[in-house]
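Since the structure comes first, as structure tokens, the remarks are kept for the end.
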Amino acid sequence: MSHAQVSENALRVINRLHNAGYEAYLVGGCVRDLLLGRVPKDFDVATNAYPEQVEQLFRNCRLIGRRFRLAHVRFGREIVEVATFRGNHSEAGIGEDGRIMRDNVYGGTLEEDAWRRDFTVNALYYNVYDSTVIDHTGGLDDLQAGILRLMGDPAQRYREDPVRMLRAVRFAAKLGFRIHPESEAPLAELGVLLENVPPARLFEEILKLFMGGYAVQTYHLLRHYGLFKYLFPQTEVALEHERGTPSLLLQALANTDARIAEDKPVTPAFLFAALLWEPLRLLAEDLRAQEREMGEIQALQVAGEMVVARQVKRIALPKRFSVPMREIWAMQPRLRQRSGKRPLRLLEHPRFRAAYDFLLLRAAAGEQDLQELCDWWTALQGAEGGERQTMTSRMPPETKTRRRRRRKPAPVKREE
């Protein structure tokens with residue numbers, strides 16, 4: 001590997017640690033990706049310096065994490081993550097269910113640190129001073145064979161940290177590797193352990209799973225191994241329902257992958273809107289069937305509150321994403337209103353483009369009577385001022401959606 005492929009900031013961190021008398025190596029995914037001819041997303045460094053010692057060397061350093069203490073050295077928008085060699089974890093840091101609650105046992109050797117990592121292909125170290133790759137776990141052989149192998153007893157390692165199951169799926173989808181049979185076998189049985197992972201941590205993992213450019217492959221693997229239902233239980237039930245269809249979700253995931261490949265921005269709000277649309281749609285239909293006086297807009301609002309309240313118990317969803325997601329949902333029935341000033345006001349709404357794109361997804365997924373509506377909004381966006389007025393003024397008034405008022409029953413006369 002050429003040093004030209006390595007981040008200058010990562011080399012700067014390694015050099016300063018080395019000059020201070022510490023060992024320092026590139027480690028993990030960046031080494032793996034460079035050996036595969038890929039461009040690493042970020043660069044991690046492993047060292048025998050303790051986090052506090054790293055902090056003393058870099059003014060632009062911040063220590064993060066309690067469970068896994070790490071040093072983040074920031075260079076503008078780039079962060080170089082520095083991890084201290086770990087030794088064997090103590091029993092005091094392991095919970096009753098086998099999960100590692102704290103893993104800040106330092107002082108191990110490089111080889112001990114290698115065996116403490118998860119997959120063999122992620123336990124490769126690169127010495128920038130003699131351009132050698134250090135492999136204590138057989139990671140190079142697995143890299144050449146395209147195998148993802150968890151080190152140690154797979155069931156025990158998954159119990160120590162259930163998120164490793166999601167990492168196995170993510171790396172398999174990203175690298176196109178097959179999971180080793182021994183590492184694959186416990187996935188279906190131990191998936192239930194994901195219910196004990198903090199919702200905030202699962203949210204971060206969801207972003208890595210579906211916003212890394214391989215969302216479609218990841219989705220199929222999650223469902224294949226029975227893990228998806230522990231992340232989105234409502235969506236799983238809806239997709240198994242006779243009225244549910246995965247086509248909208250798959251199209252949304254494919255669009256996300258395409259935008260990432262083109263280096264275009266993507267937002268978790270739109271992604272979660274697609275992930276939760278099926279349970280929302282079916283629940284709104286049921287609410288309107290139970291309460292005939294309930295309008296489409298109100299049904300979506302009530303269903304949205306219920307769906308989000310259930311989902312955040314499993315995966316945290318910050319308001320900066322949940323609010324725009326619900327606005328995308330709420331605008332779907334409003335897009336049917338094509339007369340008067342309402343369409344022109346909708347065009348100015350900050351969430352219009354996302355709502356319009358979501359409408360296109362619904363039409364492509366086969367929802368009835370939406371294609372003509374999509375064509376109309378597409379034409380309206382391309383029209384000029386006068387033409388827009390003409391398009392909105394000639395629409396029949398019955399396109400407006402009005403909520404019927406419930407009539408009060410007549411008073412019952414009492415017999416004297």
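The values are calculated or read from the model by the stated rules, or taken from the named source; none is laboratory data. Fair warning: this is a prediction, and the values are worked out from it, not measured in the lab. No Cβ is skipped: glycine too gets one built from the backbone with ideal geometry, and neighbour counts run over all protein chains shown. Keep in mind that these areas ignore ligands, DNA and RNA; they rest on the heavy atoms of the full protein, side chains included. Shrake-Rupley method; radii C 1.70, N 1.55, O 1.52, S 1.80 Å.
Give me the tail of P(r) for the stretch 226-325 as a percent: Cα-Cα pairs with distance above 20 Å.
43 percent
Could you tell me which of the pairs Lys229/Lys319; Lys229/Lys264; Lys174/Lys313; Lys41/Lys208; Lys229/Lys313 are separated by over 19 angstrom between their Cα atoms in the structure shown?
Details: Lys229/Lys319 23 Å; Lys229/Lys264 29 Å; Lys174/Lys313 28 Å; Lys41/Lys208 12 Å; Lys229/Lys313 14 Å.
Over 19 Å Cα-Cα: Lys229/Lys319; Lys229/Lys264; Lys174/Lys313.
For the stretch 1-34 and the stretch 177-250, what is the separation of their Cα centres, given in Å?
Here the two parts' Cα centres lie 34 Å apart.
Quote the convex hull volume per residue of the stretch 247-394, based on C-alpha atoms, as a whole number of Å³.
Measuring per residue, one finds 128 Å³ for the Cα hull of the stretch 247-394.
Where only protein heavy atoms count, and the probe is 1.4 Å, what is the accessible area per residue for the chain in Å²?
Solvent-accessible surface per residue comes out at 52 Å².
How large, in Å, is the chain by the Kirkwood hydrodynamic radius built from its alpha-carbon pairs?
With all distinct Cα pairs of the chain included, I get 24.7 Å.
Multiply the residue gap between Arg74 and Asp141 by 0.36 nm, knock off their C-alpha separation, and tell me the result in nm, one decimal place.
Computed gain between Arg74 and Asp141 is 20.8 nm.
If I compute solvent accessible area with a 1.4 Å probe over the protein chains, what percent of it on the chain is carbon and sulfur?
On the chain, the fraction of accessible area on carbon and sulfur atoms equals 48 percent.
Report D for the stretch 1-81 in µm² per second (integer): Stokes-Einstein, Kirkwood Rh on Cα pairs, 37 °C, 0.692 mPa s.
Rounded, D is 252 µm²/s.
How many angstrom lie between the Cα centre of the stretch 298-318 and the Cα centre of the stretch 337-355?
Taking the Cα centre of each part, the stretch 298-318 and the stretch 337-355 sit 24 Å apart.
Calculate the spin-label point distance for Leu344 paired with Ala383, positioning each point 7 Å from the Cα along the beta-carbon direction, and give it in nanometres.
1.1 nm
How many nm is it between the label spots at Leu207 and Thr109, if each spot is 7 Å from the Cα in line with the beta carbon?
In this crude label model, Leu207 to Thr109 measures out at 3.9 nm.
Considering the options Leu70, His18, Met1, tell which one lies farthest towards the positive end of the dipole of the stretch 1-81, charges being +1 on Lys and Arg and -1 on Asp and Glu at the Cβ, about the Cα centre.
Positive-end residue among those listed: Leu70.
Filter the trypsin sites (Lys or Arg not before Pro) in the stretch 236-323 to those in DSSP coil with at most 13 other Cβ atoms within 10 Å of their Cβ, and list the result.
Arg243, Arg292, Lys313
Please give the charge dipole size of the chain, origin at the Cα centre, charges +1 on K and R Cβ atoms and -1 on D and E Cβ atoms. Round to the nearest 20 debye.
Values: 62 positive and 55 negative charges, 526 e Å.
Charge dipole, the chain, about its Cα centre: 2520 debye, nearest 20.
Please compute the length gained on full extension between Asn127 and Lys313, using 0.36 nm multiplied by the number of residues separating them and subtracting their Cα-Cα distance.
Result for the pair: 62.6 nm of gain on full extension.
Within the chain, what is the longest stretch that has no chymotrypsin sites (Phe, Trp or Tyr not before Pro) placed in a DSSP loop and near at most 15 other beta-carbon atoms within 10 Å?
130-416
Express in whole angstrom the spacing between the alpha-carbon centres of the stretch 261-296 and the stretch 55-70.
Value for the Cα centre distance between the two parts: 40 Å.
Among Ala46, Ala269, Ala185, whose mean-square fluctuation peaks in a Gaussian network model of the chain (Cα, cutoff 10 Å)?
Ala185
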